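What follows is a short report on a single structure.
Every number in this text was worked out from the coordinates using simple rules, so none of it is lab data. Since the structure is predicted, the reported quantities are computational estimates derived from the model, not experimental observations. Quick reminder, even Gly has a Cβ in these numbers, built from the backbone with ideal geometry, and neighbours come from all protein chains shown.
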Amino acid sequence: METERRCPVCGRGVLRDLGTEDPGLMQVPESRPLESYTCGHEVAGPPLASTSRSDDLEVERREAPDTVEPA
Ligand SMILES: [Zn+2]
């Protein structure tokens with residue numbers, strides 16, 4: 001099973017564990033989480049907050065669509 005995500009930039013690196021290192025940018029509320037890859041690339045993930053777009057759009061999904069947590 002491959003739970004690792006490839007780096008979208010170079011396609012060689014894999015997604016590293018978030019929040020293991022870099023105590024500076026562990027949790028960034030109301031912002032896109034930076035996904036660090038083993039290759040050294042950092043790609044911003046999908047925006048957590050999807051507001052200020054449509055008034056009729058209600059937030060139905062509370063859970064993150066892209067949850068990668070190494071159990
Ligand atoms: Zn890369």
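Seen from residue 71, the other residues with C-beta closer than 14 Å to its C-beta sum to a net charge of -3, counting Lys and Arg as +1 and Asp and Glu as -1. Amide H contacts of residue 35 (H built 1.01 Å from N, in plane; Pro and chain starts excluded): 43, 44, 45 sit under 5 Å, all sequence-distant by 5 or more or on other chains. Stretching residue 69 away from residue 3 to a fully extended chain increases their span by 22.8 nm, per 0.36 nm per residue minus the current alpha-carbon distance. Taking label points 7 Å from Cα along the Cα-to-Cβ direction, residue 17 and residue 43 give a separation of 2.2 nm.
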